[in-house]
Amino acid sequence: MNSYEINDMIIDDDFASEEYVTVEFSSNQREYRITFKKADLEIMNSWVFENGTSLPANISEEMVESIRDDVKKRI
C-alpha cells in the first residue's frame, strides 16, 4: 500500500520545447507537488505546502519511484 494519495495530475503538453507532468499528492497529512519532465520523468522540482507557503520538499527516493510508476500508468 502506498504511503501517499495522488489528488491531481496535470500534463502540460502545450510547451514548444518540453512537456511536464505535475503531481499533487498528500502524505502524512501534508500536501506536496512534484513536477517531472514527461519524456523521462526526471524531477524538475518538488514542494511541500505548510502554513500558507511552499517550501522545497525532501521526498524519499522510494516514494519518488513509486509516484513515477503511478504516473507511467496514468499517461
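Every read-out reported here was derived from the displayed coordinates using simple, explicitly stated rules and does not represent laboratory data. Remember, it's a predicted structure, so these values are computed and weren't measured experimentally. With ideal geometry, Cβ positions are generated from the backbone for all residues, glycine too; neighbour counts draw on all protein chains shown.
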Of all residues in segment 51-75 being of a type outside the set (A, V, I, L, M, F, W, C) and over 18 Å from E5 (Cβ atoms), which is surrounded by the most Cβ atoms within 10 Å (Cβ to Cβ)?
S54
Which ones in segment 26-47 are of a type in the set (A, V, I, L, M), under 14 Å from I75 (Cα atoms) and either under 11 Å from the mean Cα position of the chain (by Cα) or part of a strand (DSSP E or B) (or both)?
L41
Inspect all residues belonging to segment 17-25 and state whether any of them is on the phi > 0 side of the Ramachandran plot and either surrounded by fewer than 16 Cβ atoms within 10 Å (Cβ to Cβ) or in a strand (DSSP E or B) (or both).
no
When (1) farther than 18 Å from D12 by Cβ; (2) touching a Ser or Thr at 6+ places or on another chain (Cβ under 7 Å); (3) not hydroxyl-bearing (S, T, Y) are applied to M44, the one that fails is (1)
